[in-house]
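Report on the following structure.
The values are calculated or read from the model by the stated rules, or taken from the named source; none is laboratory data. This is a predicted model, so every value here is computed, not measured. Virtual Cβ from ideal backbone geometry, glycine too; neighbours counted across all protein chains shown.
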Amino acid sequence: MATLINRRATPLGIVLMVTASSCADPDLHALRSAGADPEAGRVAIEHYDCGVCHTIPGIRGARGLVGPPLDAFSHRVYIAGKFGNRQEILERW
Amino acid sequence: MILTASAGCLSLAGFAVLYSGVYDVAATKQHSALLYWILDTGLRSSVRQRAGGISVPALSDTALIENGFRCFRDHCVQCHGAPGVAPDDVGKGLLPLPNNLVQTAREWPPAELYWVSKYGIRMTGMPAWGYRLADQELWAIVAFLKHMPLLAPKDYRALNETISGPCGLPEAKPATQPGEDSAPLAALANGDPLRGPVALRQYACTVCHRIPGITGPNAHVGPPLEGIARRNYLAGIIPNTAQNMIRWIRDLQAVSPSTAMPDLDVKESDARDMAAYLFTLE
């Protein structure tokens, strides 16, 4: 995780934001407008093997049970039970 | 065929009413007299039916009545008020309004007062106290309720001034269980998985967590608890074992300081029941 730079963290954050039912999300719109690409995020998540620890919908083989599941992530109120679920915080996380 | 069509039309009409939002759920809007009668009659009948088999202990002991007063003061006055004492704001805005318990105590038998205190009344503001108060505390409250019609407001005021201290008895410490490391997780929790769902609701867990098998909102404050039995870690910090689950539930701020999950003051036996149920969620 320490090797992630902003360029990759942004699409990673955005693909987590879209793993949910349809809703319009201000963070998601802002990310898309800034050029962040959920498809690139999906690729990044697969590349960094997040699914080894987390169960993530839409990511091939992501059935990990070490960390919590990441379904409906855009609806989650907190990140890691401690931090408000907003784009800039998710990127830092 | 006509019956099927009629049933279909009624269902459609029902859904139309539901989704249109035409029914006003505001607590400021009063019930019609008919609806009020239906709800009230249904309530009395249901409680009467369920409280019927409860055996009532002796309720005239002074110490019991005094302890009941402390519990009544701590927990009941905020909504129900007392002789000469208004309820707090929370008790004024509810629909239905909380009864004046002096009248209720005159009209209801002790077993029914106990039942309502312990199990609460759904779809009203009356909570279930059974998970907060032990049976002997609930009966103490009933004892005081039965005594309360004898008190003029000045007598109640005098009681309030002379009797100090909070409701309740200290929680009994359970004996430790030897040799726990090798048994299956659900057994290790040493709780009752059938009581687990009730405990999880009575500590408001479903407000923040989606929990399979328990009806509740689509909560996303905390992570969902589907498959929790197979997860490797709790809160991403401690290994997922029966003892750690109980430790997490009861002492989570020590495990993870600054977590958003609050300390809900869970009794040990309730935490065991919760853990026993959660470990069935594979």
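Residues that are surrounded by 15 or more Cβ atoms within 10 Å (Cβ to Cβ) and in contact with a helix residue (DSSP H, G or I) (Cβ under 6 Å, 6 or more places away or on another chain), at least 2 per element: which helices (runs of 4 or more DSSP H) completely within the range B:76-134 meet that? Step through it out loud before you land on a result.
Values: elements: B:77-80, B:89-92, B:101-107, B:110-119.
Of the helices (runs of 4 or more DSSP H) lying wholly inside the range B:76-134, those with at least 2 residues that are surrounded by 15 or more Cβ atoms within 10 Å (Cβ to Cβ) and in contact with a helix residue (DSSP H, G or I) (Cβ under 6 Å, 6 or more places away or on another chain) span B:77-80, B:101-107, B:110-119.
Restricting attention to the range B:263-282, the residues being part of a helix (DSSP H, G or I) and surrounded by 21 or more Cβ atoms within 10 Å (Cβ to Cβ) number 9.
Which one of these is away from every other protein chain (no Cβ under 14 Å), more than 30 Å from B:Tyr119 (Cβ to Cβ) and modelled with pLDDT of 90 or more: B:Thr215, B:Thr241?
Details: B:Thr215 fails: more than 30 Å from B:Tyr119 (Cβ to Cβ).
B:Thr241 is the lone residue from the list that is away from every other protein chain (no Cβ under 14 Å), more than 30 Å from B:Tyr119 (Cβ to Cβ) and modelled with pLDDT of 90 or more.
Just one of the listed residues (A:Gly41, A:Gly13) is modelled with pLDDT of 75 or more, assigned to a helix (DSSP H, G or I), farther than 21 Å from B:Glu226 by Cβ and in contact with a helix residue (DSSP H, G or I) (Cβ under 7 Å, 6 or more places away or on another chain), namely A:Gly41. Considering every residue within the range B:168-180, establish whether at least one is modelled with pLDDT of 60 or more, under 30 Å from B:Ala63 (Cα atoms) and in contact with an Asp or Glu (Cβ under 8 Å, 6 or more places away or on another chain). Within the range B:168-180, one or more residues are modelled with pLDDT of 60 or more, under 30 Å from B:Ala63 (Cα atoms) and in contact with an Asp or Glu (Cβ under 8 Å, 6 or more places away or on another chain). Of all residues in the range B:1-32, those satisfying the criterion of being of a type in the set (Val, Ile, Thr) and either in a loop (DSSP other than H, G, I, E, B) or touching a helix residue (DSSP H, G or I) at 6+ places or on another chain (Cβ under 8 Å) (or both) are B:Val22, B:Val25, B:Thr28. The residue of the range B:226-235 that is farthest from the other protein chains (Cβ to nearest Cβ), among those that are surrounded by fewer than 16 Cβ atoms within 10 Å (Cβ to Cβ) and without any contact (Cβ under 8 Å) to a residue 12 or more places away in the chain, is B:Tyr233. Identify, from the list B:Ala16, B:Ala82, B:Ala33, B:Ala27, the residue that is under 22 Å from B:Glu107 (Cα atoms), small (Gly, Ala, Ser) and not assigned by TED's automatic domain parsing to the domain that holds B:Tyr156. Within the list B:Ala16, B:Ala82, B:Ala33, B:Ala27, the selection yields B:Ala33. Of note, B:Val77 satisfies the criterion of being in contact with a strand residue (DSSP E or B) (Cβ under 9 Å, 6 or more places away or on another chain) and either within 19 Å of B:Leu133 (Cα to Cα) or not assigned by TED's automatic domain parsing to the domain that holds B:Phe144 (or both). If you go through the range B:191-225 and pick out every residue that is aliphatic (A, V, I, L, M), outside any loop (DSSP other than H, G, I, E, B) and surrounded by 16 or more Cβ atoms within 10 Å (Cβ to Cβ), you end up with 3.
Here is a yes/no grid of residues against (1) among the charged types (D, E, K, R); (2) within 14 Å of another protein chain (Cβ to nearest Cβ); (3) assigned to a loop (DSSP other than H, G, I, E, B):
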residue: A:Glu46; (1), (2), (3): yes, no, no
residue: A:Gly58; (1), (2), (3): no, no, yes
residue: A:Gly61; (1), (2), (3): no, no, yes
residue: A:Leu65; (1), (2), (3): no, yes, yes
residue: A:Pro68; (1), (2), (3): no, yes, yes
residue: A:Asp71; (1), (2), (3): yes, yes, yes
residue: A:Gly81; (1), (2), (3): no, yes, yes
residue: A:Ile89; (1), (2), (3): no, yes, no
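Pull up the range B:237-259, narrow it to residues that are part of a loop (DSSP other than H, G, I, E, B) and surrounded by 16 or more Cβ atoms within 10 Å (Cβ to Cβ), then point me to the one that is nearest to the chain's Cα centre (by Cα). So the residue we want is B:Thr259. There is at least one residue in the range B:257-264 that is within 13 Å of chain A (Cβ to nearest Cβ) and in contact with a helix residue (DSSP H, G or I) (Cβ under 7 Å, 6 or more places away or on another chain). Are any residues in the range B:58-75 of a type in the set (A, V, I, L, M) and either surrounded by fewer than 19 Cβ atoms within 10 Å (Cβ to Cβ) or not in a helix (DSSP H, G or I) (or both), and if so, which ones? Once the filter is applied, which keeps residues that are of a type in the set (A, V, I, L, M) and either surrounded by fewer than 19 Cβ atoms within 10 Å (Cβ to Cβ) or not in a helix (DSSP H, G or I) (or both), the range B:58-75 yields B:Ala58, B:Leu59, B:Ala63. Looking across the range B:100-126 at every residue that is polar (S, T, N, Q) and over 18 Å from the mean Cα position of the chain (by Cα), the one that is nearest to B:Ile54 (Cα to Cα) is identified as B:Thr104.
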